[in-house]
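Structure record follows, encoded as structure tokens.
The values are calculated or read from the model by the stated rules, or taken from the named source; none is laboratory data. Fair warning: this is a prediction, and the values are worked out from it, not measured in the lab. Methodologically, a virtual Cβ is constructed for each residue, glycine included, from the backbone with ideal geometry; neighbour enumeration extends over all protein chains shown.
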Amino acid sequence: MSALQRGRFITLEGGEGAGKTTAMQVVIDWLEQDGRTVVRSREPGGTRAAERIREVLLDPSTGELDPLSELLLMFAARVENLVHVIRPTLAKGQDVVCDRFTDASAAYQGGGRELGPEPIRRLAGLVHPDLAPDLTLLLDVPVAVGLARIRNRTTGPDRIEQAREGFLERVRKAYLAMAEAEPERFCVIDASQPLDKVRADIQRALDRRLR
Ligand SMILES: Nc1ncnc2c1ncn2[C@@H]1O[C@H](COP(=O)(O)OP(=O)(O)OP(=O)(O)O)[C@@H](O)[C@H]1O
Ligand SMILES: [Mg+2]
């Protein structure tokens with residue numbers, strides 16, 4: 001019996017208001033037109049328990065968390081998402097598109113919170129030593145542009161968005177450094193462009209990387 005080929009695992013990354021959630025639909029449409037069955041997820045979150053952990057992480061009423069606690073909670077949510085959503089879906093031969101994954105921990109807790117790359121590397125080695133995204137689209141936008149886009153959201157900034165000055169610049173820098181270090185997995189999209197250009201760039205990246 002030939003083993004079923006595992007589905008493809010695609011992640012969307014980028015800072016606040018870069019357009020990850022908007023890009024999600026572009027990726028799903030492309031995959032479905034290619035005849036694939038697609039499951040979407042997001043991090044932190046993706047299961048009931050992981051969404052509860054998300055609330056703790058993002059609700060401003062949580063108050064300050066030690067960066068290491070924040071990182072461990074992210075990975076606790078990630079285990080739930082991997083065990084209950086990501087791995088079973090890929091094993092069925094279906095594709096998973098996830099709004100943020102471990103690169104976000106490296107950018108936010110490693111870069112933004114200045115834990116550095118090592119704790120994330122070690123936790124990724126523990127939690128998913130055998131699994132990395134097949135493709136990661138990094139939606140890159142200057143911090144001020146992203147913030148301007150989410151300013152008209154009805155809800156206020158979440159707990160992590162409230163971080164002090166310089167935090168989001170470090171997040172962006174960490175993302176770009178990762179993309180430079182792993183060009184075969186990452187594709188950087190200039191998300192400061194108008195939406196139709198961003199959409200076209202994403203489709204072109206998928207044509208090039210996944211066909
Ligand atoms: N290229 C673009 N040009 C102009 N506006 C955009 C562009 N991409 C997204 N937007 C708008 O910016 C806002 C934020 O986009 P979106 O929610 O997709 O970003 P996000 O990266 O998911 O944000 P968050 O970090 O809050 O999850 C939305 O109102 C969206 O319509
Ligand atoms: Mg979003």
Notebook entry, point to check: Counting only residues that are at pLDDT below 90 and among the β-branched types (Val, Ile, Thr), which one in the stretch 142-174 is surrounded by the most Cβ atoms within 10 Å (Cβ to Cβ)?
Noted result: Ile160
Check: So, in the stretch 129-169, of the ones that are among the small types (Gly, Ala, Ser) and without any contact (Cβ under 8 Å) to a residue 24 or more places away in the chain, which residue ends up nearest to ligand 1 (Cβ to nearest atom)?
Finding: Ala144
Notebook entry, point to check: Quick check: is even one residue across the stretch 150-173 more than 21 Å from Gly112 (Cβ to Cβ) and in contact with a strand residue (DSSP E or B) (Cβ under 6 Å, 6 or more places away or on another chain)?
Noted result: no
Note to self: Name the single residue that is farthest from Gly156 (Cα to Cα) among those in the stretch 27-39 being surrounded by fewer than 22 Cβ atoms within 10 Å (Cβ to Cβ) and either within 16 Å of ligand 1 (Cβ to nearest atom) or among the aromatic types (Phe, Trp, Tyr) (or both).
What the structure shows: Trp30
Item checked: Cross-chain or 6+ apart pairs with Cβ under 6 Å, the stretch 184-211 first and free of Cβ contacts under 8 Å to residues at least 40 places away in the same chain and farther than 13 Å from Thr11 by Cβ, then within 16 Å of ligand 2 (Cβ to nearest atom) and β-branched (Val, Ile, Thr) -> Asp201/Ile189
Check: Of these, Phe75, Phe101, which one is crowded, with 19+ Cβ neighbours inside 10 Å, within 27 Å of Asp190 (Cα to Cα) and of a type outside the set (S, T, N, Q)?
Finding: Phe101
